[in-house]
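Notes follow the structure.
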Amino acid sequence: MSLAESVLAGESLALAQLLTQVENGLPEGRLALDKLFPYTGRAHLIGVTGGTGTGKSSLVNQLALHYRKPPAGNPDG
């Protein structure tokens, strides 16, 4: 099974490996992202910038928690 297929299957270790490959600029990471792109659906890209100690990580954590919540009245998401 390829790394992209493992990510799609919900394997968290595969996701961690993919993130490492992408962060390190490895060609394997780029290939996996190319394979995953058709599955992104309604994905959003949000950029957060700011100086040291301004709370970027805290903001990103709260945004992730908010967007991962199921819509109201829909417990299945």
May I ask you to derive the relative contact order of the stretch 3-68, considering only C-alpha pairs under 8 Å and at least 6 residues apart, and to give it as an integer percent?
21 percent
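Enter the accessible area per residue of the chain (Å², integer; probe 1.4 Å; all protein chains in place). Numbers along the way, then the final one.
Values: 6570 Å² over 77 residues.
Per residue, the chain has an accessible area of 85 Å².
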What dipole magnitude, in Debye to the nearest 20, does the chain give about its Cα centre under +1 on Lys/Arg Cβ and -1 on Asp/Glu Cβ?
320 debye
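Counting other Cβ atoms within 10 Å, which trypsin sites (Lys or Arg not before Pro) in the chain have at most 16 and lie in a DSSP loop?
R42
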When the accessible area of the chain is computed with all protein chains present and a 1.4 Å probe, what percentage of it is carbon and sulfur?
57 percent
With each label point set 7 Å from Cα along the Cα-Cβ vector, what nm distance links S2 and Y67?
2.5 nm
For the pair E28/H44, report the inter-label distance in nm, with labels modelled 7 Å from Cα in the Cβ direction.
3.4 nm
Which net charge results when you count Lys and Arg as +1 and Asp and Glu as -1 among the other residues whose beta-carbon is under 11 Å from that of L3?
-2
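The values are calculated or read from the model by the stated rules, or taken from the named source; none is laboratory data. Values in this document were obtained by computation on a predicted structure and should not be read as measured data. Note that each Cβ is placed from the backbone with ideal geometry, even for glycine, and that neighbours are counted across all protein chains shown. Remember, those area values only see protein heavy atoms, side chains included, never the ligands or the DNA or RNA. Shrake-Rupley method; radii C 1.70, N 1.55, O 1.52, S 1.80 Å.
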